[in-house]
Amino acid sequence: MRKVVVSFVITLVVVIAAAYGGWRSLQSYLDTPLNLSQSHTIMVEQGSSFGRLASQLAAEGVMEKPDWFAFFIRLKKVGHLLKAGEYEIVPGTTPRTLLVQLVEGKIIAYNFTIIEGSTFKQLRESLKANKQIKQTLDSKTDIELMTLLGLKDTHPEGMFLADTYQFHRGMTDFDLLKRANALLQSELDKAWQTKADDLPYQSAYDALIMASIVEKETALSSERPAIAGVFVKRLKQGMKMQTDPTVIYGMGDRYKGNITRADLRRPSPYNTYTISGLPPTPIAMVGREAIQAALHPENNKWLYFVAKGNGSHQFSATLAEHNKAVREYQLRRRSDYRSSPGQ
């Protein structure tokens, strides 16, 4: 009986020692960095498993002993928590930290920027060129696209807030536009609720039209309220707005970089040299600052402004002052003349 007890104890000690050694080996494995000299990207598809992922990483030479990783998953009982998406595994990542990354769904985030002052045509081109965005709207016309967005009979220009949007690979162009439109509506509605008094707008949409003109006239934050103030003053006095960006927008593909006197005289719904009041729709995408400027214009004495050639503008209160500024800044243009900081 004593020999049986001794044999049992020895066996138990051996089993415990082996188990302890195995546990230590497992812990060492879990805390040993993967075979990475640079970042490695993996795509976890919907319905995939940790076992399949471990085998994939082993085949790519990233992970050793994938069965150990799979065993640890079963031990932790988290096999059902694998999140689909695109992951970046950086050098220094261990099997243990990789598991945390996969369970918490820390997938790669990308940015897409709708540029202030860009047109809807340019926005669609940018969406199409983005390889991380899933394309679903290529075959749709602008009218069909707006109908899909629940904006039937709405002109697309200006209806998407100029901002930077974070997204994950596989997000559709439709979903991104939906977000951008919802944010535009939210920002415009919020700003409309706190607008200044005595503005010459019939609706928030009128303010959006004004914001788009301000956006195209200047890229300087400091000038937006002043330029909005000029146009508001003109509208209130019954003057034509006479702003070149509206003429250019109305010209469409006919615009080749310059506008002539004939262009300024040619009637169109957007030619503010020939129409009174605002054009029928926005002419560009706008950001929050342009919306705020349109609804909180600077109360100044200016009725005119002209580009100085360095990205800023010279403001004038009288036509005589304006004509003098035109002679100085437009008729004697510098070789490095530019109408805005980004041009």
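The values are calculated or read from the model by the stated rules, or taken from the named source; none is laboratory data. Quick caveat: nothing in here was measured; it's all calculated off a predicted structure. Backbone-built Cβ (ideal geometry, glycine too); neighbour counts: all protein chains shown. Surface areas here come from the heavy atoms of the whole protein model, side chains and all, with no ligands, DNA or RNA. Shrake-Rupley method; radii C 1.70, N 1.55, O 1.52, S 1.80 Å.
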- Message: Residues to consider are Lys128, Lys152, Lys140; find the one that is open to solvent by 60 Å² or more (accessible area, probe 1.4 Å), among the basic types (Lys, Arg) and assigned to a helix (DSSP H, G or I).
- Response: Lys128
- Message: Looking only at the range 298-319, count every residue that is farther than 20 Å from Met210 by Cβ, among the small types (Gly, Ala, Ser) and part of a strand (DSSP E or B) and tell me the total.
- Response: 1
- Item | Filtered residue count, the range 213-262, keeping only those that are out of contact with any helix residue (DSSP H, G or I) (no Cβ under 7 Å at 6 or more places or on another chain), among the small types (Gly, Ala, Ser), surrounded by 16 or more Cβ atoms within 10 Å (Cβ to Cβ) and outside any loop (DSSP other than H, G, I, E, B) | 3
- Task: Please note which strands (runs of 3 or more DSSP E) are completely contained in the range 30-121 and include at least 2 residues that are loosely packed, with under 13 Cβ neighbours inside 10 Å and not aliphatic (A, V, I, L, M).
- Result: 110-113
- Query: Looking at (1) under 25 Å from Thr243 (Cβ atoms); (2) surrounded by 19 or more Cβ atoms within 10 Å (Cβ to Cβ), can you tell me which one Asp173 breaks?
  - Reply: (1)
- Based on what the data block shows, is Ile291 buried (at least 20 other Cβ atoms within 10 Å of the Cβ) and in contact with a Ser or Thr (Cβ under 6 Å, 6 or more places away or on another chain)? no
- Can you find a residue in the range 296-306 that is out of contact with any Lys or Arg (no Cβ under 7 Å at 6 or more places or on another chain), among the acidic types (Asp, Glu) and open to solvent by less than 40 Å² (accessible area, probe 1.4 Å)? no
